[in-house]
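The values are calculated or read from the model by the stated rules, or taken from the named source; none is laboratory data. Being a predicted model, the structure only gives us computed values, none of them experimental. Here Cβ is always computed from backbone atoms with ideal geometry, including for glycine, and neighbour counts include all displayed protein chains. Quick note on the areas: whole protein, heavy atoms, side chains included, nothing else; ligands and nucleic acids left out. Shrake-Rupley method; radii C 1.70, N 1.55, O 1.52, S 1.80 Å.
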Amino acid sequence: MRNNSHIIAHLCLFFACVFWGLMAPLGKDAMTHGFNGIDMVTFRVTGGAVLFWITSFFVPKEHVPKKDLLMFIGAAIFGLVTNQCCYTIGLSITSPINSSIVTTSMPIFAMILAAIILKEPITGKKALGMFLGCAGAIILILTSAAATNSKVGDIRGDLLCLAAQLSFALYLSLFSKLIRRYSVFTVNKWMFTYAVILILPFTFGRVTSIDYTTISMSTWLETGFVVFFGTYISYILMMKGQHVLRPTVVSIYNYVQPIVAVTVSILTGIGVFKLSQALAVILVFLGVWFVTTSKSREDMLKEKGQK
């Protein structure tokens, strides 16, 4: 039974990252042919809220006290509003290849915040990982700064995608206990609801002024994929996998997303993969690997106890 649950968890993580990898080029194409980043953010949070509320009627209900309902507002700000606004708008500016490479840097931000907030020790291995990851990000940003073609990248979009990873790392550091307390459906139902409340007043005028009759069917299908598979299904799959597998195992699946995004982007001509980007990928991947395989404070305490 344990093996079955682990196999299912691995499959959940794999498909979540595949969907996110596909979301980068498909979302980029949709935001090039009819919609912009603000539109896509609105569709993602609104669609996610509707889908999670519908699902909540078919799963066991959980009582959420007022204190936790208020805490979900903070979780929604960092985990959805800032994260999705920065990433989606960043994707609309930069290349899907760059945006997917940047998303793998999240464990490095999580390590830095864990050291500051949770007083996790920074080992030599973690420091090396942070250095390599930062070097990769700098190469990527410099490549975008020198680019004359958006298919290569745009420094503004790269920085926004980096900010999205920092925001999500903050969300995990500050609200990990809260999100573990409830099911994936309860967490996302309330987080997406608050995200809609916070975002819609600023974007409602924009999305209602769109001439939807001019939007092509392919753009609608791409947007539907982003909302249903890239948001609703992926959030469920990722959280299901996280509940079973260790964080170090979960982090390995970070590498699936850019592989899928790079492959699809090159095949469809949406992005261009340069040698400097390949170097950035290697450095970021190595950095993440060093950070996620280094010992945590809990591991060190266990080792001391055994001695």
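Quick check on the chain: take the gyration tensor over C-alpha atoms, sort the square-rooted eigenvalues as a ≥ b ≥ c, and tell me if it's rounded (a/c under 1.5), prolate or oblate.
Cα axes put the chain in the oblate bin.
Probe radius 1.4 Å, ligands and nucleic acids left out: which of 62, 222 has the largest accessible area, and how do the rest follow?
Result, largest first: 62, 222.
Quick one: net charge around residue 71, please, counting Lys, Arg +1 and Asp, Glu -1 for every other residue with C-beta under 14 Å from its C-beta.
Computed value for this residue: +4.
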With DNA, RNA and ligands ignored, accessible area of residue 33 (1.4 Å probe; Å², nearest 10): 100 Å²
Neighbourhood charge, 13 Å Cβ-Cβ cut-off, centred on residue 186 and excluding it, Lys, Arg +1 and Asp, Glu -1: +2
Three-way shape call for segment 1-136 based on the alpha-carbon gyration tensor, with the a/c threshold at 1.5: rounded
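If the chain between residue 200 and residue 6 were fully stretched, how many nm would it gain, using 0.36 nm times the residue separation less the Cα-Cα distance?
In short, 66.0 nm is gained.
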Helix-derived mean residue ellipticity, 222 nm - over the chain, DSSP H n ≥ 4, -39500 (n - 2.57), to 500: -25500 deg cm²/dmol
Of 66/177; 189/240; 125/177, pairs whose Cα-Cα distance is over 23 Å: 125/177
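Compare the peptides 97-104, 212-219 by average per-residue count of other Cβ atoms within 10 angstrom and give them in order, highest first. Provide the component values of the computation, followed by the final result.
Values: 97-104: 28.6, 212-219: 11.0.
The packing order, highest mean first, is 97-104, 212-219.
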Rounded FRET efficiency, nearest 0.05, which uses the C-beta distance separating residue 278 from residue 63 and R0 of 35 Å: 0.10
Loop trypsin sites (Lys or Arg not before Pro), segment 38-121 (other Cβ atoms within 10 Å of the site Cβ: 14 or fewer; DSSP): 61, 119
Length-normalised contact order for segment 19-105 - Cα pairs under 8 Å, 6+ apart - percent: 58 percent
